[in-house]
Amino acid sequence: MRFIGRNKELESLELLLKKKSPSLVVIRGRRRVGKSRLIKEFVSNKKSWTFVGPPPDTSITKQRQLDAFSTQIAQNLSMPKIQASEWLEYFTFLGKQAKDQKIVIVFDEISWMGSEDPDFLGQLKTAWDLYFSDNQDLILILCGSVSSWIEENILKSTGFVGRISIDMVLDELSLAESGEFWGAQKNRVSAYEKFKVLSVTGGIPKYLEEVIPTQSAEDNIHRLCFQANGPLFSEFDKIFSDLFSKRAQTYSNIVKALAHTPLTLDEICEKLNLEKSGYISKCLDDLELAGFVQEDHTWNLSTKSESRLKKFRLKDNYIRFYLRYIEPNKYKISKDLFEFKSFMNMPGWEAVMGLQFENLVVNNLKSLCKILHIDLSDIVNAGPFFQRTTQRQKGCQIDLMIQTRHNALYMCEIKFSTSEIKSLVTEEMEKKIERLAAPKGFSIRPVLIHVNGVSQAVKESELFNDIVDFSQFFTKAQ
């Protein structure tokens, strides 16, 4: 499988080779987002040693973790196994073996590697200071999917402050990059067909690698999601058990609460019948760090400052699709009793696809700004916008608002439809414009983003400054 995307990330890593000092790199992001694949591409023409932490389970012990590391030392260095009772002994050995070598050392799934030893990171820090940092040509990469663990134990740790050269967070691939997974078929497959697949996979590389370009969207999704041996059938359980272990159920309940619509913290607690607490806020922070949930702040258009009003949005398309369509049918699928029908016959399909479409557009904000010719340096605030109902103003919700320093408000209506969009959309946008409490002297520029065409009446209304076809996101220029 050829490597797609991540050009900026690779460039950042390659620049480290020009330094005259050692580099400590942290790479984190959602499971399946391509962290290990990026590292593999980076080290492909370099001397490297890679170590992977064993997945957590009830039988894992410190000794088993040490034994696994010892086996990998033997494999990487082509030598007999050595035995040690503490991590520092292995780290010291590696530091001495790497001395005077131009080398990349990778600790993948770092949170799993020493999870049974509270002194693991302290010993790694000691080894860095005493041995690894003596080699100006050494790059040590710490990689993991449990971003909250990395944040708390490495990035915020006084032991590692000032030692980290790069903190790299991998997000989904852009739509233009995602389109490359259709290979030679990419220009022959419609944007709508790609959208149906991306409504399930998002821009997650591992999921996109499973797409067969010559199959229809329906056939791909049936194979991936609605067969017991499909790679996305049991992926949800693996995500939450691997990342959150014993607390998996709490995190799972939170994302289930967000499956239908974005919610405030109060609404989440009410839906789960829980008291509002710091623990729930911490869980939401962890889900955001893991790349599954997005905290959307609205803001004051006049002062440009963030409002206290915020909502949490499920930004991960696979998780929403799983919760809405795979999980309710899991028993039937596992028994090969599920009859897969057309997308359009699935309950609430158009509403769900609307949410998935919004995610894809909002997650590709930079590409949209290029399409609209908005300089990124001009943006003051951007994101889903919601205005409270008060005595002086009516409530208002904008799918995506972009405010620039030139006092321009781009009000984006992200509209999914199975057919071309009719003139009702102009009435809806006119009501939103009327309700929006825009400050004096501000220009309002309505934008319509669609996937299946718009009617002639919408075009002739001249209400929208720009009408953006979803296919524009796939062009290489973006």
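The values are calculated or read from the model by the stated rules, or taken from the named source; none is laboratory data. Quantities reported herein were computed from a predicted structural model and do not represent experimental measurements. FYI the Cβ positions are ideal-geometry reconstructions off the backbone, even for glycines, and counts take in every protein chain you see.
Here are the numbers for this structure:
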read-out: Positions within the stretch 456-476 being buried (at least 16 other Cβ atoms within 10 Å of the Cβ), assigned to a loop (DSSP other than H, G, I, E, B) and not aliphatic (A, V, I, L, M), in sequence order; value: Phe464
read-out: Residue among Arg188, Arg247, Arg223 that is surrounded by 17 or more Cβ atoms within 10 Å (Cβ to Cβ) and without any contact (Cβ under 8 Å) to a residue 60 or more places away in the chain; value: Arg223
read-out: Condition check for Glu180: more than 16 Å from Val26 (Cα to Cα) and in a helix (DSSP H, G or I); value: yes
read-out: Which numbered condition Glu358 misses (of (1) free of Cβ contacts under 8 Å to residues at least 24 places away in the same chain; (2) surrounded by 21 or more Cβ atoms within 10 Å (Cβ to Cβ); (3) among the acidic types (Asp, Glu)); value: (1)
read-out: Which numbered condition Tyr331 misses (of (1) hydroxyl-bearing (Ser, Thr, Tyr); (2) in contact with a Phe, Trp or Tyr (Cβ under 8 Å, 6 or more places away or on another chain); (3) closer than 21 Å to Phe240 by Cα); value: (2)
read-out: The stretch 284-325: number of residues that are under 18 Å from Arg28 (Cβ atoms) and polar (S, T, N, Q); value: 1
read-out: Residue list for the stretch 252-276, filter: over 13 Å from Leu323 (Cα atoms) and assigned to a helix (DSSP H, G or I); value: Leu265, Asp266, Glu267, Ile268, Cys269, Glu270, Lys271, Leu272
read-out: Test for Phe240: is it of a type in the set (Phe, Trp, Tyr) and in contact (Cβ under 8 Å) with a residue 40 or more places away in the chain; value: no
read-out: Segments classed as helices (runs of 4 or more DSSP H), wholly inside the stretch 41-148, with at least 2 members that are of a type in the set (S, T, N, Q) and either touching a strand residue (DSSP E or B) at 6+ places or on another chain (Cβ under 8 Å) or assigned by TED's automatic domain parsing to the domain that holds Gly162 (or both); value: 62-77, 87-98, 120-130
read-out: Pair list, Cβ < 9 Å and 6+ apart or interchain, from the stretch 366-389 residues that are closer than 20 Å to Gln294 by Cβ to residues that are in a loop (DSSP other than H, G, I, E, B) and of a type in the set (D, E, K, R); value: Cys369/Asp375; Ile379/Arg405; Val380/Lys304; Val380/Arg405; Asn381/Lys304; Gln387/Lys394
read-out: Near pairs, Cβ below 9 angstrom, 6+ apart or cross-chain, from the stretch 452-467 (more than 23 Å from Phe195 (Cα to Cα)) to any residue that is crowded, with 16+ Cβ neighbours inside 10 Å and of a type in the set (Phe, Trp, Tyr); value: Asn465/Tyr410
read-out: Subset of the stretch 155-174 (residues that are without any contact (Cβ under 8 Å) to a residue 40 or more places away in the chain and not hydrophobic (A, V, I, L, M, F, W, C)); value: Lys156, Ser157, Thr158, Gly159, Gly162
read-out: Residue check for Tyr325: among the aromatic types (Phe, Trp, Tyr), crowded, with 17+ Cβ neighbours inside 10 Å and within 25 Å of the chain's Cα centre (by Cα); value: yes
read-out: Search result, residues across the stretch 342-355 that are closer than 17 Å to Asn452 by Cα and touching a residue at least 24 places away in the same chain (Cβ under 8 Å); value: Phe343, Met344, Glu350, Val352, Met353, Gly354, Leu355
read-out: Residues that are crowded, with 18+ Cβ neighbours inside 10 Å, modelled with pLDDT under 95 and part of a loop (DSSP other than H, G, I, E, B), drawn from the stretch 6-32; value: Arg30, Arg31, Arg32
read-out: Search result, residues across the stretch 417-441 that are among the aliphatic types (A, V, I, L, M) and either touching a residue at least 12 places away in the same chain (Cβ under 8 Å) or in a loop (DSSP other than H, G, I, E, B) (or both); value: Ile421, Val425, Met429, Ile433, Leu436, Ala437, Ala438
read-out: Residue within the stretch 82-98 that is within 27 Å of Pro205 (Cβ to Cβ) and modelled with pLDDT under 95 present; value: no
read-out: Subset of the stretch 108-126 (residues that are touching a Leu at 6+ places or on another chain (Cβ under 6 Å) and surrounded by 20 or more Cβ atoms within 10 Å (Cβ to Cβ)); value: Ile110
read-out: Scope the stretch 299-320; condition part of a strand (DSSP E or B) and small (Gly, Ala, Ser); matching residues; value: Ser307
